[in-house]
Amino acid sequence: MVLAVTLMPTAGSAAVSSLGQPQPLVLVNDLFPPAPLPAATEGTAAGFHTMEQTRLVDTRDSSVRLAPTTTLEVPVAGRAGIPTTGVVAAALNLTVTGAVAEGYVTVMPCGSRATTSTVNFRAGADVANLAVVGLSPVGSACVTSSAPAHVIVDVSGWYSTDGSLFSPVVPFRLIDTRTAGSRTPVAAFSSFPLPVAGRGDVPASGVTAVALNVTSTEATAPGYLGVRSCTSPRPGTSNLNVGAQGTASNSVIAAVDGQGRVCFASNTTAQLIVDIVGWFGPGAASGFAPLSPRRIIDTRTNAAVTPTRTLELEFSGQSGVALNVTSTEAAAAGFLTVWPCGTERPTSSSVNFQAGTTIANAVTSAVGSNGKVCVYASQTTHVVVDQMGSYAAGVPRPVSPGTGNTKPTANTGAQAIAWARTQIGRRYASINPYRFGESVYGRAWDCAAGQATCSRTDMFGTARTVAAGDYVYDCSGLIVASWLRGSVDLVKQGASWTEPMYDVLPRVSRATARPGDILLFDYGTTPNDTDHAGMFVSDAEMIHAGSCTGYSGVCLRPIDWAHVVAVVRPFA
């Protein structure tokens, strides 16, 4: 049975802040049809600057708790080495301590009005959560609390138009010390280095920072854990707080050292679980646009999420989203996993919860090729999702003058591959806009104003109908878009499709091929011509736009070396 549902506020939900505008709910299997949210358009797409986490506010210094009648303004711009102008958002870690009653804290740009929550807390507990929040025109964020509590605000980075862009990835577990051989926990007051670069979909080089979900569990005593680059001193701040034998999670954005590592320091012995959800660097593809915090869904107005009903949220036109995800009224202890729909559900967790409690965690997620983000619950629980911002793919970074003749380094190819990975799941449409002399960074299918879909004739004379806003590529179109991300313009070199790539670009041997090199294929379908192109990832695997398992589009696939007629490298 298919039902159309409009959410309305539910009374008696003081543990999570009041509802915003009603939004659609989609439960996979058979319950509710999708209804897309409007694409996020507020804010300015920006990149990230890392820094050592620094304390901005601790209300314990004044011995005055933040009260429901008070708004705490926290100046961010112009402090701790952050510029005074051009700062559009910041990564803030909020910790609530000394609360006298159950409640929630909300952070927002000063001057805005939010109907969302950031940290949910119980009386006497220490709870932390990350918020990537837009700032007011004067560079400040405002914090409110529904119950008297002390609030600590630390900053771990800021966003401006000249910062490092972001590439969200399907969550990937980096370590779980409970299952790592000897089951040895991280010892109190030790420093635990964890390699992150080159793992999962994270490049081996060119990574300035990573977005992580960090969980501490089975602690021998109450304590806290801090995350930093391994070249930074032991932090004087914390990222998450954990009780004895308890489990606590928090999102962290941390700088990466020269060896591609992040270090963890805890003041209590505990097991450590770390999942990676994205990375920042010059080869990444998406800029961040902060939003006034908005409520996307609150399942308390309808049906709880169960292990057999996956929640789908629509985020069309966005490559990634910054969310605050809350579990409340859970039937038993469990976890939530948030991931891009259309990919296999990962084994990682995004929010860990206990029966009957309310707990929130910041979540950064890639958006699936169908424009959706999925939420799975291991136990029946209500779920509240608020959005803090969005990431947009293909944010232009102009190619510097003369870079069309620059000899690329190995890192240039890595940048091209890194961006190509962000396009996995996009459609194949046998159309390459670059063949006609345009140098663009991968653009959405554009239709006449107001048209939801439109058709074009591809290079083979076939009419292709695609929805407006979709990203589509043929094989060479993906390659040209990807190499533009490495500041190499194949259009200017007259090598924007397979035949001129074969004729113009220098060839390299299979033995010396490196990531980003172009593989040219001849399947005999067109006499005296190349038929297909892919991008070399390893000796066994390439990324291409073409035939994929179950669909035609961008994917990783094995290399058919029997039909490779050349390996070429732009401007070698």
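The values are calculated or read from the model by the stated rules, or taken from the named source; none is laboratory data. Every value quoted in this text rests on a predicted model; they were computed, and no experiment measured them. Virtual Cβ from ideal backbone geometry, glycine too; neighbours counted across all protein chains shown. Just so you know, the surface numbers come from the protein's heavy atoms only, side chains and all, with ligands and any DNA or RNA stripped out. Shrake-Rupley method; radii C 1.70, N 1.55, O 1.52, S 1.80 Å.
A full extension of the chain between Arg122 and Lys492 corresponds to an added length of 127.1 nm, given 0.36 nm per residue minus the alpha carbon distance. When each of the peptides 355-362, 69-76 is scored by how many other beta carbons lie within 10 Å of its residues on average, the order from highest to lowest is 355-362, 69-76.
Extension gain, Asp162 to Asp503: 0.36 nm times the residue separation minus the Cα-Cα distance gives 119.0 nm.
Based on the alpha-carbon gyration tensor of region 252-368 and its eigenvalue square roots a ≥ b ≥ c, which shape applies: rounded if a/c is under 1.5, prolate if not and a/b is larger than b/c, or oblate? Walk me through the numbers before you get to the answer.
Numbers: a/c = 1.95, a/b = 1.21, b/c = 1.61.
Oblate.
Between Gln451 and Thr549, what's the calculated FRET efficiency when r is the beta-carbon distance and R0 is 35 Å? Round to 0.05.
On the way: r = 31 Å, r/R0 = 0.89.
Result of the calculation: an efficiency of 0.65.
Ranking Ser156, Val170, Val143 by how far each Cα lies toward the positive end of the dipole of region 120-191 (charges on Cβ) leaves Val170 at the top.
The residues Thr95, Thr220, Thr50, sorted by heavy-atom accessible surface at 1.4 Å with ligands and nucleic acids left out, run Thr220, Thr50, Thr95 from largest to smallest. Residue separation of Asp539 and Ala463 scaled by 0.36 nm, minus their Cα-Cα distance, works out to 23.8 nm of gained length. Of the whole protein surface, Tyr551 contributes about 80 Å² of accessible area at a 1.4 Å probe radius.
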